[in-house]
Amino acid sequence: MGRLEGYSTIITGGASGMGRSTAELWLEEGANVVVADLNEQNGNDLVDEMNSKGFQGRIKFVRTDVSCEADIVRVVEAATVAYGKLDVMFNNAGIDGAFGPITEIEADHWDQTFAVTAKGVFLGIKHAARVMKKQEWGGSIINTGSLGSQTAGGGPLVYSSAKAAVLRLTQSAAFELGKWRIRVNAILPGIIYTPLMHRGKPERADVVSRSVQPLPFRGEGKHIAHAALFLASNESEFVSGEYLRVDGGLFAVGPLSHTPMVSPSSKRAGMNFGLTGMEGTMRELVPEQVPTRDD
Ligand SMILES: NC(=O)c1ccc[n+]([C@@H]2O[C@H](COP(=O)([O-])OP(=O)(O)OC[C@H]3O[C@@H](n4cnc5c(N)ncnc54)[C@H](O)[C@@H]3O)[C@@H](O)[C@H]2O)c1
């Protein structure tokens, strides 16, 4: 008997990376899974693959833009119609978003990054909670934050700010929704070897695991999937408003832990839409636009 036997779950950003690893694990643990993602090709491929492994009827893909309220309403409805309830909402979709020094970041790129990273989580909590409040057993909401939300340098500036918003949203929603037995928690990944992280360059993850990260091996999607399994299942029934770091001990290292990740003197600026399939808008900066230590 799996730990999520008969659960109805939604995983946003479930077509790639740690969301995909979570979908695979939760299926093995008995859950029904709706994958909500912008990337249709990856979503449909995952469903085909899982069907061929014997999970027919237990996984669906719904093309979803998490920053669009109508899409979130639609995917929550898809799960409740298909599986009769909603036990777990994993708000995990994400992009790097705006890059570059603060003096070169466009206001529109700030909005687009926040729309996916922070508003997307708000919408997921809002519409999952509307269903879960009517269930006497409540439900579990899990949000993907980032180690970058806790210190500077762990991610691009706007991304880190939006992930910080996710943390406060997690606590505030846990406070408000607790009386309906709805638990709201966040997972804070460190450096996890996913397409978003390595962008085709595996050595990006290895630099960290071979140097500053205390545990001497790569973070993988499965490590996040297992943490999410704990937060989804009844084993964590008394855990709410919590941030669970899954980072190979990186945060414990302190300020030095982030040195190799993001440089404030980046020579490029613009939007990166990660694995969505949308074209980014990166541009090279001229030397005067690149801050140095002497500025
Ligand atoms: N990989 C890491 O090292 C790392 C570290 C900290 C936090 N995170 C966070 O973990 C989460 C998952 O990232 P990942 O590394 O698995 O990346 P990934 O790119 O492999 O997967 C992210 C998925 O989210 C989807 N997505 C993006 N924007 C969307 C939108 N508007 N609507 C619906 N789907 C959308 C993408 O299409 C993709 O399938 C993200 O929130 C990311 O910010 C990742």
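Side notes on the structure shown:
- Meets criteria (farther than 22 Å from Leu229 by Cα and in contact with a helix residue (DSSP H, G or I) (Cβ under 7 Å, 6 or more places away or on another chain)) for Thr151: yes
- Sole residue being farther than 18 Å from Ile11 by Cα and of a type in the set (Val, Ile, Thr), chosen from Val158, Val166, Val131, Val121: Val158
- Among strands (runs of 3 or more DSSP E) entirely within segment 57-160, having at least 1 residues that are away from the ligand (no atom under 12 Å from the Cβ) and surrounded by fewer than 18 Cβ atoms within 10 Å (Cβ to Cβ) singles out no element at all.
- Criterion violated by Leu147 - all others in (1) more than 19 Å from the chain's Cα centre (by Cα); (2) at pLDDT below 95; (3) hydrophobic (A, V, I, L, M, F, W, C) satisfied: (1)
- Of all the residues in segment 21-56, those that are hydrophobic (A, V, I, L, M, F, W, C) and assigned to a loop (DSSP other than H, G, I, E, B) number 2.
- Any hit, segment 164-171, residues being within 20 Å of Ala252 (Cβ to Cβ), in contact with a helix residue (DSSP H, G or I) (Cβ under 9 Å, 6 or more places away or on another chain) and either among the charged types (D, E, K, R) or modelled with pLDDT of 95 or more (or both): yes
- Of all residues in segment 17-44, those that are within 15 Å of Phe55 (Cα to Cα) have Cβ atoms under 8 Å from Cβ atoms of residues that are within 11 Å of the ligand (Cβ to nearest atom) and of a type in the set (S, T, N, Q), 6 or more apart or on another chain, in Arg20/Asn42; Thr22/Asn92.
- Taking residues in segment 89-101 that are closer than 15 Å to Met278 by Cβ, and partners anywhere that are more than 9 Å from the ligand (Cβ to nearest atom) and among the hydroxyl-bearing types (Ser, Thr, Tyr), the pairs with Cβ atoms closer than 6 Å and at least 6 places apart or on different chains are Gly97/Thr113; Ala98/Thr113.
- Residue list for segment 169-216, filter: among the acidic types (Asp, Glu) and farther than 24 Å from Ile11 by Cα: Glu203, Asp206
The values are calculated or read from the model by the stated rules, or taken from the named source; none is laboratory data. Everything numeric here is computed off the predicted structure, so don't read it as measured data. Note that each Cβ is placed from the backbone with ideal geometry, even for glycine, and that neighbours are counted across all protein chains shown.
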